[in-house]
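Colleague: Handing you a structure now.
The values are calculated or read from the model by the stated rules, or taken from the named source; none is laboratory data. None of these values were measured; they are calculated from a predicted model. Glycine gets a Cβ as well: all are built from the backbone with ideal geometry, and neighbour counts include every protein chain shown. The accessibility values were calculated without ligands, DNA or RNA, using every heavy atom of the protein model including side chains. Shrake-Rupley method; radii C 1.70, N 1.55, O 1.52, S 1.80 Å.
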Amino acid sequence: MSEPLRLGIAGLGTVGRGVVKIVQEKAGLLAARAGRPVEISAVCARDPGRDRGVGLSAYAWETDPVALATRADVDVFVELMGGSEGAPLDATRAALEAGKDVVTANKAMMALHGQELAELADRTGGCLRYEAGVAGAIPAIKALTEALAANGIERVLGVMNGTCNYILTRMQSAGLSYDEVFAEAAKLGYLEADPTLDVGGIDAGHKLAILAAIAFGAKVNFGGVHLEGIERITIEDINRAADMGYRVKLLGVAQMTGRGLEQRMTPCLVPANSPLGQLENATNMVVIEGDASGRIVLQGAGAGEGPTASAVMSDVMDIARGLRLPTFGQPAANLVDLPPAVSATPAPYYLRFILDDKPGALAKIATILGNNGISIDRMRQYGHAESKAPVLIVTHRTTRADLDAALSQMPATGVLAGEPVAIRIERL
């Protein structure tokens, strides 16, 4: 059997612990499938004395990730520290400069520094893999770079943050407010240390930017992702949308349009009977539409010790087998700067108004919509409460610019009893 592939693991939190467990408990299986043993040479973590529930005494310890990354007995530097700057980035650069291969779960680093690192890997002959950074156990990166490599990709979309999906589905199933479910998610440990990374759409936006770069042969551009979080979604919106046959999801969409590369991570309504509409709890789903393959739907656990460690080890196994691919599916020098779309493609919208119960109130709203070229597909009015009338409108396809123009004119009507809500309806 060939010489072992030797790993240096930086970061022994949830994911790092899971990787160690797989290497220790499945050594025979890994060797049989890779054609060579996979071993751990050294590790690095902030507190060497902490009990992590796995045996670590057989491994050398480093206090400096850069030192770990450049050790002579490390073939693959496994970066599981997290964070886009500082030690993770410095150590990844050092590993690639030393001609090592790198496996990471760090979506923020790849979204913000992916082009630089891809160019470095190409120059030094290193291999940089990051399947675990996008949607946990779901093989979204492999699908784009390998299985669908012969396709022109038309669109990539999906639910890429399990915490947000948990919050939204829990609100609907339990009839709880956003604040109540947010607190529940925090107690369960679902939220990042900075919760805005989850609920603000930033974490999922990192993943979308990575997928878009692979799908469209572009330099990764997180700055071009339009971000909106779920903080303003109310239980009223969830319930009213359900009445109209929709469910609310934090949905990422990337596609090439005549306006440029459209990348957005925003709350959207999707049909309740669609695969995305039926996605529950902390599960992720990535949908890829290719010109030859048609629609491919990938669903699975998007986070957690086992699923993320599984994705890390899938990259390790590819390296052990000798499979080497460019970081974003083609040489970094071939990747292009694609201009970000200045506006999103037209779509129908869900609108919710609370109107004063006055004669002609709804007519004034409809008139403003019509004057801005927005036609109404469906409308529903609910029972009055304290002289207030909730009204739902589903429009035909329109641009966000026309809709914003219409919404800006509505306060002057004097019939609004609250701020209007507008949520895009995504075609599937």
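Colleague: Just for the stretch 149-167: of the residues that are part of a loop (DSSP other than H, G, I, E, B), aliphatic (A, V, I, L, M) and open to solvent by 20 Å² or more (accessible area, probe 1.4 Å), which one is nearest to I138 (Cα to Cα)?
Modeller: The qualifying residue nearest to I138 (Cα to Cα) is A149.
Colleague: Would you pick out the residues in the stretch 191-215 that are over 28 Å from A147 (Cβ atoms), open to solvent by 10 Å² or more (accessible area, probe 1.4 Å) and not hydroxyl-bearing (S, T, Y)?
Modeller: L191, E192, A193, D194, P195, L197, G200, I202
Colleague: Restricting the stretch 338-381 to residues that are assigned to a strand (DSSP E or B), open to solvent by 50 Å² or more (accessible area, probe 1.4 Å) and at pLDDT below 90, which is nearest to Q115 (Cα to Cα)?
Modeller: Residue satisfying both the conditions and the ranking: R380.
Colleague: Can you tell me which of E180, E231, E236 is part of a loop (DSSP other than H, G, I, E, B) and open to solvent by 60 Å² or more (accessible area, probe 1.4 Å)?
Modeller: After applying the criteria, what remains is E231.
Colleague: Ok, one more. Here is a check on your reading of the model: is A389 of a type in the set (A, V, I, L, M) and within 30 Å of L144 (Cα to Cα)?
Modeller: No; evaluated as a whole, the condition is false for this residue.
Colleague: Going through the stretch 50-76 one residue at a time, which ones are part of a loop (DSSP other than H, G, I, E, B), within 18 Å of V15 (Cβ to Cβ) and either at pLDDT below 90 or under 30 Å from the mean Cα position of the chain (by Cα) (or both)?
Modeller: Those that are part of a loop (DSSP other than H, G, I, E, B), within 18 Å of V15 (Cβ to Cβ) and either at pLDDT below 90 or under 30 Å from the mean Cα position of the chain (by Cα) (or both): R50, D51, R52, G53, V54, G55, L56.
Colleague: Can you tell me which residues in the stretch 409-426 are small (G, A, S) and farther than 16 Å from T395 by Cβ?
Modeller: Passing the criteria: A412, G414, A417, G418.
Colleague: Quick one: in the stretch 259-317, which of the residues that are of a type in the set (S, T, Y) and assigned to a strand (DSSP E or B) is modelled with the lowest pLDDT?
Modeller: The selected residue is T283.
Colleague: Given the condition touching a residue at least 60 places away in the same chain (Cβ under 8 Å), closer than 26 Å to R6 by Cβ and surrounded by fewer than 16 Cβ atoms within 10 Å (Cβ to Cβ), answer yes or no: does some residue in the stretch 319-327 qualify?
Modeller: Looking for residues that are touching a residue at least 60 places away in the same chain (Cβ under 8 Å), closer than 26 Å to R6 by Cβ and surrounded by fewer than 16 Cβ atoms within 10 Å (Cβ to Cβ), one finds at least one in the stretch 319-327, hence yes.
One line per residue, one yes/no per condition, for (1) assigned to a loop (DSSP other than H, G, I, E, B); (2) farther than 20 Å from S343 by Cβ; (3) open to solvent by 60 Å² or more (accessible area, probe 1.4 Å); (4) of a type outside the set (D, E):
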residue: P390; (1), (2), (3), (4): no, yes, no, yes
residue: D404; (1), (2), (3), (4): no, no, yes, no
residue: A412; (1), (2), (3), (4): no, yes, yes, yes
residue: A422; (1), (2), (3), (4): no, no, no, yes
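Colleague: Among the residues that make up the stretch 104-117, is at least one of them out of contact with any Cys (no Cβ under 8 Å at 6 or more places or on another chain), part of a helix (DSSP H, G or I) and either farther than 30 Å from V66 by Cα or among the hydroxyl-bearing types (S, T, Y) (or both)?
Modeller: No, the conditions are met nowhere in the stretch 104-117.
Colleague: Being open to solvent by less than 40 Å² (accessible area, probe 1.4 Å), over 23 Å from G304 (Cα atoms), free of Cβ contacts under 8 Å to residues at least 24 places away in the same chain and among the hydrophobic types (A, V, I, L, M, F, W, C) is the requirement here; does A91 meet it?
Modeller: no
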